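**Student:** I'd like to ask some things about the structure below.
No value in this document is a laboratory result; all are computed from the given coordinates. Quick caveat: nothing in here was measured; it's all calculated off a predicted structure. Glycine also receives a Cβ, built like all others from the backbone with ideal geometry; neighbour counts cover every protein chain displayed.
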Amino acid sequence: MVRRLFFACWPDDRIREQLIARRDLIDGLSRRRVPDHNLHLTLLFLGNQPADRLKDIQSLADDLEARFFALELDRFGWFQQAGVAWLGGPATPGASRLVKALAAGAMARGLVFQARAFQPHVSLFRQVRACPALPVPASLRWPISGFSLIESIPSRPYQVLRTWPLSMGST
């Protein structure tokens with residue numbers, strides 16, 4: 001048995017409402033709107049992992065020492081090849097350090113996953129075949145005080161398996 005897993009920043013209700021409001025600015029790009037309850041910002045996509053490795057995956061997050069940071073989501077974009085419209089912004093040093101630490105922990109535990117360059121974004125629409133000029137949204141400051149391990153099960157809302165707090169102080 002396998003589990004499709006990823007580490008992500010999971011928005012609280014206030015941030016989720018702000019993400020939805022910004023998504024509404026570009027409504028109509030596709031019929032495949034990411035459901036409100038699935039909006040998130042992926043830190044590290046692990047993909048399909050053996051179910052018996054779940055404790056190893058959780059332990060890699062247990063071993064991390066990461067600090068609070070904030071992300072500024074200030075632009076819409078489009079991944080043409082994937083057909084995804086998104087809201088995103090620049091990677092901060094704190095976010096980049098967390099992603100690198102998660103990836104290093106996964107590699108140290110022998111997990112097989114596709115390493116991708118970190119580009120902070122929240123997917124808003126899928127199956128976007130062509131993307132018109134996008135407006136410039138009001139900037140959204142998202143304070144990140146923790147991160148979560150999420151499971152993706154087809155035809156269901158994403159499941160938060162566990163959340164880890166980040167230590168206070170900024171990076």
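**Student:** Within segment 77-120, list the residues whose amide N lies under 16 Å from a label point set 7 Å along Cα→Cβ of D52.
**Tutor:** Zone members listed by number: 110-112.
**Student:** Can I ask one more? Under a GNM of the chain (C-alpha, springs under 10 Å), which listed residue has the highest mean-square fluctuation: I20, I150, I57?
**Tutor:** I20
**Student:** Taking 0.36 nm per residue of sequence separation and subtracting the Cα-Cα distance, how much length would be gained by fully extending the chain between S155 and R116, in nm to one decimal?
**Tutor:** 11.5 nm
**Student:** Just add up the charged neighbours of F79: K/R +1, D/E -1, any other residue whose Cβ is under 12 Å from the Cβ of F79.
**Tutor:** Here the charged neighbours net out to +2.
**Student:** Report the local net charge at L46: Lys and Arg +1, Asp and Glu -1, summed over other residues whose C-beta lies under 12 Å from its C-beta.
**Tutor:** +3
**Student:** Continuing with this model, one more query. Sequence-distant or interchain residues sharing an amide H contact under 5 Å with H121, placed H: which?
**Tutor:** For H121, the qualifying residues are T42.
**Student:** Now for a separate question. Given Cα pairs under 8 Å that are at least 6 residues apart, what percent is the relative contact order of the chain?
**Tutor:** Relative contact order of the chain: 34 percent.
**Student:** For A138 and N38, calculate 0.36 nm times their separation in residues minus their Cα-Cα distance, and state this gained length in nm to one decimal.
**Tutor:** Result: 33.8 nm gained on full extension.
**Student:** 7 Å from Cα along Cα→Cβ at both T163 and R67: what's the point-to-point distance in nm?
**Tutor:** If labels sit at T163 and R67, their model points lie 2.3 nm apart.
**Student:** For V2 and Q127, compute 0.36 nm times the residue count separating them, minus their Cα-Cα distance, and round to one decimal in nm.
**Tutor:** This chain segment gains 42.4 nm when fully extended.
**Student:** Using only alpha carbon positions, build the gyration tensor of the chain, then give the equivalent ellipsoid semi-axes as the square roots of 5 times its eigenvalues, largest first, whole angstrom.
**Tutor:** 26, 19, 14
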